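Asker: A single structure is presented below for examination.
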Amino acid sequence: MIRLRPVVCLLACALGACAFEATRDDLLCDDDEACEPGQVCLEGMCQEMSTPPPAPDAAAPAPARDATRPPADAASPPSSAPPPRPDAAPPPDAAPPPDAAPPQPDAAPPRDAAAPPPDATPPPRPDPFPPQGCPAGAVCLAPTDDAFHTETGQWFAGGPTLEVVEVEDGPEREAFLRFDLTRLPPDVRWRTVRLVLLVEGAEFIGDPGTIRVDVVDDDWSEADVFGQPPPADRYRVLDVPEAVARTLRPGTSLALDCRGAAYRALREGRAALAFGIEARDTDGVRWRFRSKDAGGPPPLLVLERGG
């Protein structure tokens, strides 16, 4: 049975009649249960179900991912060995490469390093032939000149000994020594100053008498004394008493206190200090003291620092 349901009567320019839409009776419905499976009741008619279009704001499905490639943001698996550090130091026992440069010496001081002031006091000039037998901590000067003079006007220099002779019926002999004071450090207070003579021979008749030590003029040298008179005495330093002179034998030494003479010479600004040695008050004596040219320890002017 077919029902005629007027739908829309359209006026047609050529027809002049109403059009009707025929509808099957089994397509009419009141709810979804009146429709066949796969249909829904929509506006009183059973209609085939169709996939509704996606909502306008629905996100588009992601494209299918290739199962053979990992996603772009997937983290790569950690490496079994960490990458080498550029600044890693070699192990302590690592040998240097064959072409490694040898260690450089200590750097030289910069050229603009401060130099000592021009007026700085230079260190004392060392003796080119350091005298032997100098006590530790002392300053020792060997004579620059030594010689001995006879009463007849003869000079003897450059030999191994300096002779001091006093005899009743023969010429006397006097020894002279000269020391360069410019070799001493300036502005030093000396506690002791001694003239040390080494005895090479001692011969006397009866009593040895005394040994006299004088400061003499220092304006002479052993190279220029020949034909000249002996240096003049300036003042007496000391007399070695007979009791001490009697004990002198070859191989012994005689240390004479000359501190006052040395201070006086330095105070007067003298460049040298010279001594004359002679025998007195004896019937006959002959002393032989070692000279600077003997080849062993020479006579010395020994100065020790102190108050």
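We did not get these values from a lab; they are worked out from the coordinates using the rules stated. The model shown is predicted, which means the values in this text are computed figures rather than measured ones. We place every Cβ from the backbone using ideal geometry, glycine too, and count neighbours over all the protein chains shown.
Asker: Please give me the summed charge of the neighbours of Phe156: other residues whose Cβ is under 9 Å from its Cβ, Lys and Arg +1, Asp and Glu -1.
Answerer: Once positives and negatives cancel, what remains is 0.
Asker: Which of rounded, prolate, oblate describes region 139-208, given a ≥ b ≥ c as roots of the alpha-carbon gyration tensor eigenvalues and a/c under 1.5 marking rounded, otherwise prolate only if a/b is larger than b/c?
Answerer: Prolate, because a/c is 1.5 or more and a/b exceeds b/c.
Asker: Give me Rg over Rh for region 192-307, both radii from the alpha carbons and Rh done the Kirkwood way, two decimal places.
Answerer: 0.97
Asker: Show the residues, 5+ positions off or on another chain, whose built amide H is closer than 5 Å to the amide H of Thr161.
Answerer: For Thr161, whose amide H was placed from the backbone, the distant partners under 5 Å are Ser291.
Asker: Can you list residues from other chains, or at least 5 along the same chain, whose modelled amide H is less than 5 Å from the amide H of Ala272?
Answerer: Amide H neighbours of Ala272: Leu181.
Asker: Give a residue-ordered list of calculated ³J(HN,Hα) values for region 201-212 (Karplus: 6.51 cos²θ - 1.76 cosθ + 1.60, θ = phi - 60°; whole Hz; x for Gly, Pro).
Answerer: Using θ = phi - 60°, the values come out as x, 9, 10, 8, 10, x, 8, x, x, 10, 10, 9 Hz.
Asker: Determine the shape class of region 131-269: with a ≥ b ≥ c the square roots of the Cα gyration tensor eigenvalues, call it rounded for a/c under 1.5, and otherwise prolate if a/b is greater than b/c, oblate otherwise.
Answerer: It comes out oblate by the Cα gyration axes.
Asker: Apply the Karplus curve 6.51 cos²θ - 1.76 cosθ + 1.60, θ = phi - 60°, to the phi angles in region 247-257 and return the couplings in whole Hz, x for Gly and Pro.
Answerer: Whole-Hz 3J(HN,Hα) from phi for region 247-257: 7, 6, 9, x, x, 8, 10, 10, 9, 10, 6.
Asker: To continue, here is another question. For Val237, what residues show an amide H to amide H distance below 5 Å, using hydrogens built from the backbone and excluding near sequence neighbours?
Answerer: Close amide H contacts, sequence-distant or interchain: Val213, Asp214, Val215.
Asker: Could you tell me which of Tyr263, Ala232, Ile277 has its Cα farthest along the dipole of region 182-291 towards the positive end, charges placed at Cβ (Lys, Arg +1; Asp, Glu -1), taken about the Cα centre?
Answerer: Tyr263
Asker: Now a separate question. For region 148-211, what's the relative contact order in percent, using C-alpha pairs closer than 8 Å and at least 6 residues apart?
Answerer: 25
Asker: Related question: ³J(HN,Hα) across region 175-191 via Karplus (A = 6.51, B = -1.76, C = 1.60, θ = phi - 60°), whole Hz, x for Gly/Pro?
Answerer: 9, 9, 9, 10, 10, 8, 7, 5, 7, 7, x, x, 6, 10, 8, 9, 6
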